[in-house]
Amino acid sequence: MDFELTTASVSAWLQEHGLVPHGASVEVEELPGGVSATVVAVRGPGVGVVVKQALPRLRVADEWLAKPERAETEAEAMRLCGELTPGVVPRVLAVDPAHHVLAMELVEGAANWQAEVGEGRPHPEVGAWAGSVLGRWHVVTAADATVPGRFPDVEAFEQLRLRPFHETVMERQPALAPAVAPYLAELRRAPRCLVHGDYAMKNILVGDGVPVVLDFEVAHAGNPVFDVAFFLSFPVLSAIRWPGVADAMQALADGFLAAYEAAAGAGFAGEAASVTGHTACLVLSRTDGKSPALFFDPPSRERARAVGAHLLAHPDRGLWSWRP
């Protein structure tokens, strides 16, 4: 890429795309946590924009490469989901396919849900909202014959999820590989609907208004069970890390599942044991995959590894069977 998004280059890019007048006085800030992309917020009179450029190599210790064209897929998925649930997804303002950059509206006055959990503010009531939104996306796009053609490329999902998560767990924990393999194979079968690919509390903003969902760069036509399990892995991981919010995390997950089934239909993403097994794989991906949970300390990582192995061995006992 001959254009690199930085706090120094963003203003010229915004001016070129008609989002900031020439000579306008703006404040520029690189947002933290950009593992897979550079993300810059720009604020000024009448201006509130987030600009994001997908990285070809992710900022993690292991070598982790991914096609930057996922930025265009992200913009397409944001537009579609924004149409299905107005106000839930930031509006896409511009897309630059030549440099894999997209601009979206800046959401102010809201907090990252996962960060709130870490501060002891779990917002369990938002679980039902998250399940309802995801269920609508899944069931509506499952009935839309154009979705497979609009989202045919699963390479970013392979690069950002299946290979660094499931396959890496199988390599690093070979004793668990036979149990993980069937779940991995299921995710590679014929697509059923639009899958967000990163649907979790870490990508949802909460505040006084309607929550907002971010980070659609792993969107693809695929299996809905991935989104359901990916979301559920975070309440489980959070309950392990912060036992004081464990009851709230279980209530949050229960509300999420009930609302999801109300929106999409009972069993749409699979039976309960299957959802638990997929969740187990994703819990383990945060202990032994290429993207370990940043909020873990060494003792909680060991506990999470044990919980993931338990759920993988006994998915029929339920998602919270590891709790006393």
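Summary of values
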| read-out | value |
| --- | --- |
| Qualifying residue in the stretch 237-248 (condition: part of a helix (DSSP H, G or I), over 10 Å from the mean Cα position of the chain (by Cα), surrounded by fewer than 20 Cβ atoms within 10 Å (Cβ to Cβ) and without any contact (Cβ under 8 Å) to a residue 12 or more places away in the chain) | yes |
| Thr141, sole failed condition from (1) of a type in the set (Ser, Thr, Tyr); (2) surrounded by fewer than 19 Cβ atoms within 10 Å (Cβ to Cβ); (3) in contact with a Leu (Cβ under 6 Å, 6 or more places away or on another chain) | (2) |
| Meets criteria (more than 18 Å from the chain's Cα centre (by Cα) and over 17 Å from Thr287 (Cα atoms)) for Gly207 | yes |
| Output for the stretch 6-21, where each listed residue is in a helix (DSSP H, G or I), aliphatic (A, V, I, L, M) and touching a residue at least 40 places away in the same chain (Cβ under 8 Å) | Val10, Leu14 |
| Residue, surrounded by the fewest Cβ atoms within 10 Å (Cβ to Cβ), within the stretch 250-268, restricted to residues that are of a type in the set (A, V, I, L, M) and in contact with a Leu (Cβ under 9 Å, 6 or more places away or on another chain) | Ala263 |
| Selection within the stretch 289-302 - among the charged types (D, E, K, R), part of a helix (DSSP H, G or I) and buried (at least 17 other Cβ atoms within 10 Å of the Cβ) | Arg301 |
| Pair list, Cβ < 7 Å and 6+ apart or interchain, from the stretch 299-324 residues that are more than 15 Å from Gly289 (Cα to Cα) to residues that are assigned to a helix (DSSP H, G or I) and of a type in the set (S, T, N, Q) | Leu311/Thr276; Leu311/Thr279; Pro315/Thr276; Gly318/Thr276; Leu319/Thr276; Leu319/Thr279; Trp320/Gln250 |
| Members of the stretch 267-284 that are part of a helix (DSSP H, G or I) and out of contact with any Ser or Thr (no Cβ under 7 Å at 6 or more places or on another chain) | Ala272, Ala273, Ser274, Val275, Thr276, Gly277, His278, Ala280, Cys281, Leu284 |
| Candidate set: the stretch 38-53, residues that are closer than 13 Å to Ala71 by Cα and of a type outside the set (Ser, Thr, Tyr); chosen: the one modelled with the highest pLDDT | Val51 |
| Of all residues making up the stretch 178-225, the number that are of a type outside the set (Ser, Thr, Tyr) and part of a loop (DSSP other than H, G, I, E, B) | 20 |
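The values are calculated or read from the model by the stated rules, or taken from the named source; none is laboratory data. Quick caveat, the model's predicted, so the values are computed rather than measured. No Cβ is skipped: glycine too gets one built from the backbone with ideal geometry, and neighbour counts run over all protein chains shown.
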